[in-house]
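In what follows, a structure is listed as structure tokens, so that the remarks can point back to it.
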Amino acid sequence: MKAVVVGAGAAGLAATYRLRKGGVEVTALEERERAGGRLAGAARDGFILDLGAQFFFRFFDTTFSLCRELGLAEQVVPFPFKAGTWREGRLHPLTVGLDPRPLWRDRRDLLRFRLLTPRGAWQAARLLSLMVRRRRDLHFVDYGNALDLDGESLAELVLRRGGGEALEFFFQPLASTLTLGEPEEVGAAYGMALAWYALHGLFTLREGMGSLADGLSRECGDSLLLSTPARRIVIESKAVRGVETGAGFLDADVVICATTASRALRLLPDLPEEMRKVLRGVRYSSCCHAMFGLPRRLLPEGWYAVALPRAARSPLSGFTDNSIKSCRYAPPGAGMLHCFTYGKHARELNAARDEEVLALLLDEVRRYAPSPPADPVFGEIRRWEEAVCLSPPGMLRQVTRLKRESREEIRGLYLAGEYLFMPSVEGALRSGMDAAETAMRA
């Protein structure tokens with residue numbers, strides 16, 4: 001069997017890795033100069049930069065299994081999820097999670113917590129009760145039992161089961177920070193699963209999130225063809241024939257299209273209309289992601305993030321100091337500031353000059369940071385036209401049908417990407433592994 005994987009992000013790397021382990025002759029095409037996609041990382045001046053994905057959740061079984069296989073198990077480390085949320089001119093700190101130990105450690109913050117009024121706290125408690133009752137259904141990969149929640153947006157569910165205050169000062173900042181979109185754009189099943197996963201803690205790799213992409217890239221070896229964009233996946237008589245590239249045509253018995261849904265639509269013009277209709281329904285947020293190396297930490301001891309409700313009218317969904325994630329992320333005492341824009345602000349800033357963006361966002365951080373940031377050691381920008389798959393209402397149901405039809409419609413064609421599950425690194429990696437294993441069985 002000869003296989004071609006289109007795209008070498010998390011899904012494409014996982015598929016290529018699994019095919020190579022199975023003894024399959026495989027070529028992975030990546031249009032960029034480096035593999036990794038939204039799992040990529042970088043290093044600069046002693047700082048580690050997570051360019052895309054920022055953390056793993058506790059229940060990422062496929063992710064942690066791959067870390068063990070690649071010798072990265074000892075690099076997996078938890079880090080505190082303590083955040084300040086802005087309301088009425090001040091930050092209200094809260095340790096997010098169900099682990100009683102950090103909650104007890106930060107009990108004074110909890111006792112002084114004033115982000116929500118008693119009414120808002122009651123609204124949030126009702127929604128937490130719903131998450132506890134549905135906890136076995138709120139699963140990023142095995143989400144079938146949560147499809148009844150997929151017919152409405154997260155905002156609609158929160159307003160119906162909780163109320164406006166819980167939406168605007170808890171679920172909206174959480175959803176916008178994690179998806180870079182609005183809760184009206186996110187399906188209720190996905191939004192509630194995100195909140196439930198977040199309550200169970202955050203993890204990273206000691207040497208940065210990109211360590212996993214780098215480890216997979218090393219294992220994929222000479223199967224990776226970088227700076228080689230695919231132009232078209234050729235289908236004839238309901239079977240794949242290969243992939244057109246700028247360097248020529250690659251014959252293939254199997255093609256795994258491990259790209260975003262929008263890119264898959266461009267590469268697969270001959271897909272049946274029903275499959276194209278599902279792919280057209282997948283939506284992505286945009287982000288202009290600015291990173292600053294700081295000579296000292298920005299946030300108080302133990303803090304990871306600041307979340308900004310949309311009532312603040314900021315272009316930022318929030319910002320983080322990644323130096324808390326592990327001692328390798330920044331030199332001793334230094335800070336690693338990440339700023340995340342979203343919505344129309346992200347689209348506007350993605351078209352602006354670097355120096356304008358860096359100056360504007362650093363000034364924006366000064367409005368909300370407990371202490372003003374020192375002059376940065378450096379500033380970098382990563383522009384994402386398609387940052388995070390939003391999983392809008394109804395998408396999970398449609399994708400469930402798409403996965404079934406894609407196996408039946410085109411022989412030798414397999415799709416992979418985070419949109420095939422609840423969007424996440426875990427979903428991307430799992431989709432790549434599933435596509436490779438299904439192709440080998442077939």
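The values are calculated or read from the model by the stated rules, or taken from the named source; none is laboratory data. This one's a predicted model, so the numbers in the text were calculated from it and none came from an experiment. Cβ coordinates were reconstructed from backbone atoms using ideal geometry, including for glycine residues, and neighbour counts include every protein chain displayed. Note: accessible area is taken over every heavy atom of the protein model, side chains too, but ligands, DNA and RNA are not part of it. Shrake-Rupley method; radii C 1.70, N 1.55, O 1.52, S 1.80 Å.
How big is the charge dipole of the chain about its Cα centre, in debye rounded to the nearest 20, if each Lys and Arg gets +1 on its Cβ and each Asp and Glu gets -1 on its Cβ?
Working: 60 positive and 54 negative charges, 236 e Å.
It comes to approximately 1140 debye.
Net charge around E31, counting only other residues with Cβ within less than 13 Å of its Cβ (Lys, Arg = +1; Asp, Glu = -1)?
On the way: positive: R32, R34, R231, R263, R266; negative: E30, E33.
After counting each charged neighbour, the total is +3.
Which percent, to the nearest 5, of DSSP beta bridges fully inside the chain are antiparallel? Let's see the in-between values first.
On the way: 49 of 67 bridges.
Expressed as a percentage, antiparallel bridges in the chain total about 75.
Can you find, among M131, F319, S227, the residue sitting farthest towards the positive end of the charge dipole of the chain, where Lys and Arg contribute +1 and Asp and Glu -1 at Cβ?
M131
For K2, enumerate residues with amide H under 5 Å from its amide H, sequence gap 5+ or separate chain, H modeled in the peptide plane.
Here D253, V254 satisfy the definition.
Could you give each residue of the stretch 232-246 its phi-based ³J(HN,Hα) in whole Hz, using Karplus coefficients 6.51, -1.76, 1.60 with θ = phi - 60°, and x for Gly or Pro?
The phi angles translate into 6, 8, 8, 10, 9, 6, 6, 8, 6, 10, x, 10, 7, 10, x Hz.
For A43, what is the net charge nearby, where nearby means another residue's Cβ is under 12 Å from its Cβ and Lys, Arg count +1, Asp, Glu -1?
Values: positive: R44, R328; negative: D45, D50, E207, D214, E380.
My count for the surroundings of A43 gives -3.
Using a Förster distance of 25 Å, how high is the FRET efficiency between K2 and S262, based on the Cβ-Cβ distance and rounded to 0.05? Could you put the intermediate results ahead of the total?
Details: r = 27 Å, r/R0 = 1.09.
Rounded to the nearest 0.05, the efficiency is 0.40.
Distance between Cα centroids, the stretch 350-377 to the stretch 259-287: provide it in whole Å.
Distance between centres, Cα-based: 35 Å.
In nm, to one decimal, how far is the modelled label at K344 from the one at R397, with both set 7 Å along Cα→Cβ?
Those two pseudo-labels are separated by 3.1 nm.
Return one whole number: the accessible area per residue of the chain in Å², for a 1.4 Å probe.
Details: 18410 Å² over 442 residues.
Dividing the accessible area of the chain by its residue count gives 42 Å².
Out of residues 5 or more away from R232 or on other chains, whose amide H comes under 5 Å of its own, with H placed 1.01 Å from N in the peptide plane?
For R232, the qualifying residues are E244.
Starting from the 7 Å offset along Cα-to-Cβ, what nm value, one decimal, do you get for the label separation of E273 and E74?
In this crude spin-label approximation the distance works out to 5.9 nm.
Using a 1.4 Å probe on the protein heavy atoms only, what accessible surface does T259 show? Give it in Å² to the nearest 10.
Surface open to solvent at T259 totals about 20 Å².
I need the calculated FRET efficiency for the pair E25 and D142, taking r as the beta carbon distance and R₀ as 41 Å, to the nearest 0.05. Please report the intermediate quantities before stating the final value.
Details: r = 32 Å, r/R0 = 0.78.
Efficiency, rounded to the nearest 0.05: 0.80.
Amide H to amide H under 5 Å from Y284: which residues, 5+ apart in sequence or cross-chain, H placed 1.01 Å off N in plane?
L390
Assuming R0 = 30 Å, what is the FRET efficiency of D99 and E184, from their Cβ-Cβ distance, to the nearest 0.05? Write out the running numbers ahead of the final one.
Values: r = 31 Å, r/R0 = 1.03.
The pair D99/E184 has a calculated efficiency of 0.45.
How large is ³J(HN,Hα) for each residue in the stretch 323-340, as worked out from phi by the Karplus curve 6.51 cos²θ - 1.76 cosθ + 1.60 (θ = phi - 60°), to whole Hz, x for Gly and Pro?
Values per residue, Gly and Pro as x: 5, 7, 5, 6, 5, 8, 6, 7, x, x, x, 8, x, 10, 8, 10, 10, 10 Hz.
Nearest 10 degrees, 0 to 90: what angle lies between the long axis of helix 210-220 and the longest principal axis of the chain (Cα atoms)?
It works out to around 10 degrees.
Between the DSSP loop rule and a limit of at most 15 other Cβ atoms within 10 Å, which GluC sites (Glu not before Pro) in the stretch 27-101 are left? Working shown, then result.
On the way: sites: E30, E31, E33, E69, E74, E88; in loops: E30, E31, E33, E88.
Those that pass, being in a loop and sparsely packed, are E33, E88.
Please give the length that would be gained between F249 and R441 if that part of the chain were fully extended, namely 0.36 nm times their separation in residues minus their C-alpha to C-alpha distance (nm, one decimal).
Values: separation 192, 0.36 × 192 = 69.12 nm, distance 2.56 nm.
Contour length minus the Cα-Cα distance gives 66.6 nm.
In whole Hz, what ³J(HN,Hα) sequence does the stretch 59-74 give by Karplus (6.51, -1.76, 1.60; θ = phi - 60°), x for Gly and Pro?
8, 7, 5, 5, 4, 6, 5, 5, 4, 5, 4, 8, x, 9, 4, 6
Among all the lysines, which ones have a C-alpha under 25 Å from K403's C-alpha, if same-chain residues fewer than 8 places away are not counted?
Partners within reach: K2, K21, K238, K277.
For a test of the definition: using alpha carbon positions, the gyration tensor, and the 1.5 limit on a/c, classify the stretch 175-282 as rounded, prolate or oblate.
In terms of gyration-tensor shape, oblate.
Treat each spin label as a single point 7 Å out from the Cα along the C-beta direction, and report the R366 to R119 distance in nm.
3.8
Sticking to Cα atoms, compute the Rg of the chain to one decimal and its Dmax as the biggest Cα-Cα distance, whole number, in Å.
Rg then Dmax for the chain, in Å: 21.6, 67.
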